[in-house]
Amino acid sequence: MLTDVAPWTPTDAYVGGDWVEADEGRRFAVTNKATGEVIGEVPSMTAVETRRAIEAAEAALPAWRARTAAQRAEILQRWAALMLKQRDELARLLTLEQGKPLAESQAEIAYAASFLQWFAEEGRRIYGDIIPPHQPDKRIMVFKQGIGVACGITPWNFPSAMVTRKAAPALAAGCTFVLKPAEYTPLSALAVAALGEQAGVPGGVFNVVTCDKAGAAEIGAEMTSNPVVRKVAFTGSTATGKILMKQCAEHMKRISLELGGNAPFIVFDDADFAAALEGALICKFRNSGQTCISANRIFVQRGIHARFAAALAERAADLTVGSGLESGVQQGPLISPDAVAKVERHIADAQARGARLLTGGRRHTLGGTFFEPTVLDGIDQEMELSSAETFGPVAALRPFDNEDEVIRLANDTPYGLAAYVYTENNSRVWRLSEALESGIVGMNTGLISTEVAPFGGMKHSGFGREGSKYGIEDWVEVKYVCVGIRPAEGEA
Ligand code: ADP
């Protein structure tokens with residue numbers, strides 16, 4: 001059963017090149033996040049089917065890794081081209097099951113395809129080294145090999161891009177892959193798999209097992225304990241990341257973790273005011289604030305703070321909220337009732353501790369999981385939204401007086417994914433770039449995601465980098481061969 005999406009959109013899981021049901025035939029519903037209506041049902045799988053998918057990936061590994069990088073690249077490029085050709089259908093599906101405005105979904109599909117393109121190329125440049133030897137009769141060479149069978153667990157906020165950001169480097173490096181997409185958004189992952197199949201990805205090289213929320217832990221446990229699996233890549237909450245890391249430790253399995261953030265967004269008096277305002281809007285309200293790099297705490301220097309807060313509130317109040325499929329909509333629904341409850345809790349806590357509401361603050365009159373774009377002023381470090389990721393459309397501001405103070409405040413969080421700074425002072429650009437404890441710094445920009453740069457965090461935001469030339473490193477083993485050489489016969 002599938003309503004309202006392109007007819008080719010699969011609703012079965014994908015294992016060993018076959019489209020399959022769960023063994024017990026159980027399925028779970030995927031809903032349209034704007035209306036709550038069921039749009040399709042996908043298999044609710046368990047550890048048993050996951051094990052089978054891992055076996056399929058293991059069986060497919062020798063032939064896949066034996067291909068040249070160029071042969072693998074050709075398939076990945078074809079896959080990207082198919083995604084771009086079907087961009088409208090993929091974007092519509094993404095908006096239906098995730099909620100973000102269609103324009104953002106279109107951008108995500110292009111972003112998702114860009115990882116296939118980038119790593120198709122990068123896979124051809126997995127260079128080794130020849131190292132000057134430590135003894136005259138030795139030679140040392142270093143080469144890098146695809147790590148083997150890998151697993152990925154992805155979140156719902158970027159249901160297509162998080163899939164390719166992991167699968168593309170894995171496949172390019174000669175690994176085979178088993179994916180568990182988020183329960184809220186499995187259809188986008190299955191659609192990506194269908195296009196991979198069309199592009200010529202051999203059966204077993206890329207597999208997708210789906211499960212409902214209750215089944216995720218069981219599948220995660222299989223992925224992290226199965227001895228065939230050499231690496232697990234995860235994007236999601238810090239809490240789940242810690243569980244997976246503990247499980248991987250038990251089996252000495254490699255893991256990369258792209259976890260939660262609590263991004264500071266810092267605006268100095270000397271900033272380009274209009275640019276900073278635009279940056280804050282896009283950085284905060286894109287995807288309804290449901291990105292791990294969304295501005296969570298906005299620090300504005302005292303001289304412009306009041307004017308900036310008023311301007312941001314005015315612009316936020318003007319955002320058009322509605323179904324992502326409607327033209328002109330700038331903010332869609334939140335992913336779930338739980339997400340709305342968290343946003344409400346953060347706002348109530350902040351208000352109870354003295355923050356002032358400048359706009360929004362309530363569920364939207366559209367009902368469902370729609371929420372008003374909200375601006376709060378006068379937050380402090382004690383408030384829940386200063387220590388935990390809000391993941392919703394709440395811009396929370398506070399004034400600051402000087403650079404040292406704001407660096408201290410910005411770094412006063414367990415997280416370290418993204419940070420943003422607006423200043424026209426060139427020396428400050430360098431000082432802040434170095435002082436901020438985050439894997440990514442947006443300097444005079446609120447948009448920082450691209451396949452050509454290394455995405456990832458520090459502290460409780462995890463480790464590992466995705467995208468860029470660094471992104472391939474997580475998917476290879478470094479091997480060094482020490483070659484002893486004897487003198488030519490009879491010449492010693
Ligand atoms: P969020 O709270 O944003 O949904 P999660 O970390 O719970 O973030 O979810 C991200 C991904 O992790 C989803 O695919 C989800 O199904 C999966 N997941 C959640 N809990 C576990 C777990 N214990 N083991 C493995 N995967 C999990």
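Simple rule: put +1 on each Lys or Arg Cβ and -1 on each Asp or Glu Cβ in the chain, find the dipole, and look at Pro133, Leu102, Phe299; the Cα lying farthest toward the positive end is Pro133.
In order along the range 345-358, the Karplus-derived 3J(HN,Hα) couplings, from 6.51 cos²θ - 1.76 cosθ + 1.60 at θ = phi - 60°, round to 5, 5, 5, 4, 4, 5, 5, 4, 9, x, 6, 9, 8, 9 Hz, and Gly and Pro are given as x. Panel note: the C-alpha atoms of the range 145-301, placed on their principal axes, show extents of 55, 38, 35 Å (largest first). If you fit an axis through the alpha-carbon atoms of helix 426-435 and take the longest principal axis of the Cα set of the chain, what angle between them do you get, 0 to 90°, nearest 10? Computed tilt is about 60 degrees. Bridging of Lys33 to lysines at a Cα separation below 18 Å is possible for Lys100, Lys213, Lys342, once same-chain residues fewer than 8 apart are set aside. The range 287-329 and the range 103-153 have Cα centres lying 37 Å from one another.
Database remark: amide H of Gly16 closer than 5 angstrom to the amide H of Gly204 (H placed geometrically; neighbours at sequence offset of 5 or more, or on other chains; Pro and chain starts carry no H).
Computed from Cα positions, the angle between helix 238-250 and the longest principal axis of the chain comes to roughly 20 degrees. If you count only protein heavy atoms with a 1.4 Å probe, what accessible area per residue comes out for the range 140-247, rounded to a whole Å²? Here the per-residue accessible area is 24 Å².
Applied to the range 101-108, the Karplus parametrisation 6.51 cos²θ - 1.76 cosθ + 1.60 on θ = phi - 60° returns per-residue 3J(HN,Hα) values of x, 3, 4, 5, 5, 4, 5, 5 Hz, with x for Gly and Pro. Taken along its principal axes, the alpha carbon cloud of the chain reaches lengths of 86, 61, 40 Å, longest axis first. Would you count, across the range 223-286, every pair of lysines whose alpha carbons are under 20 angstrom apart, provided the pair is eight or more residues apart or spans two chains? Step by step, the pairs that qualify in the range 223-286 add up to 4. For Ala395, the amide hydrogen comes within under 5 Å of the amide hydrogens of Thr374, Val375, Leu376, counting only partners 5 or more places away or on other chains and with H modelled in the peptide plane.
Considering only Met245, Gly446, Leu82, the residue lying farthest towards the positive end of the dipole of the chain is Met245, judged by Cα position with unit charges set on Cβ.
Of the accessible area of the chain, computed with a 1.4 Å probe over protein heavy atoms only, carbon and sulfur atoms account for 52 percent.
Between the C-alpha center of the range 172-209 and that of the range 19-93 there is a gap of 3 Å. In whole percents, the pair-distance distribution calculated for the range 221-312 from its alpha-carbon pairs, binned every 10 Å from zero, is 15, 32, 18, 18, 12, 4. With K and R counted +1 and D and E -1, the other residues having a Cβ less than 15 Å from that of Val149 yield a net charge of +4. Compared with the dominant Cα axis of the chain, that is its longest principal axis, helix 216-225 is turned about 40°.
The residues of the range 362-479 have, on average, 41 Å² of accessible surface per residue, using a 1.4 Å probe with all protein chains present. Subtracting the Cα-Cα distance of Glu434 and Gln145 from their residue separation scaled by 0.36 nm leaves 100.7 nm. Excluding same-chain residues fewer than 8 positions from Lys469, which lysines have a Cα within less than 18 Å of its Cα? Answer for Lys469, where 18 Å is the Cα cut-off: Lys144, Lys166, listed by chain and number.
Around the Cα centre of the range 1-127, unit charges on the Cβ atoms of Lys, Arg, Asp and Glu (plus for the first two, minus for the last two) sum to a dipole of about 560 debye. Applying the Karplus relation 6.51 cos²θ - 1.76 cosθ + 1.60 with θ = phi - 60° to the range 149-162 yields 3J(HN,Hα) values of 7, 10, 10, x, 10, 10, x, 9, 6, 9, x, 9, 5, 5 Hz, where x marks Gly and Pro. Annotation: Lys180 carries an accessible surface of approximately 10 Å², with a 1.4 Å probe and no ligand, DNA or RNA atoms counted.
Rounded to the nearest 20 debye, the dipole size of the chain about its Cα centre is 720 debye, using +1 on the Cβ of Lys and Arg and -1 on the Cβ of Asp and Glu. Taking every alpha-carbon pair within the range 305-412, the share separated by more than 25 Å comes to 23 percent. The mean of 1/r over all distinct Cα pairs in the range 22-100, once inverted, gives the Kirkwood hydrodynamic radius of 15.8 Å.
The values are calculated or read from the model by the stated rules, or taken from the named source; none is laboratory data. It should be emphasised that the depicted structure is a prediction, and the values quoted were computed from it without experimental measurement. With ideal geometry, Cβ positions are generated from the backbone for all residues, glycine too; neighbour counts draw on all protein chains shown. For accessibility, only protein heavy atoms count, side chains too; no ligands or nucleic acids. Shrake-Rupley method; radii C 1.70, N 1.55, O 1.52, S 1.80 Å.
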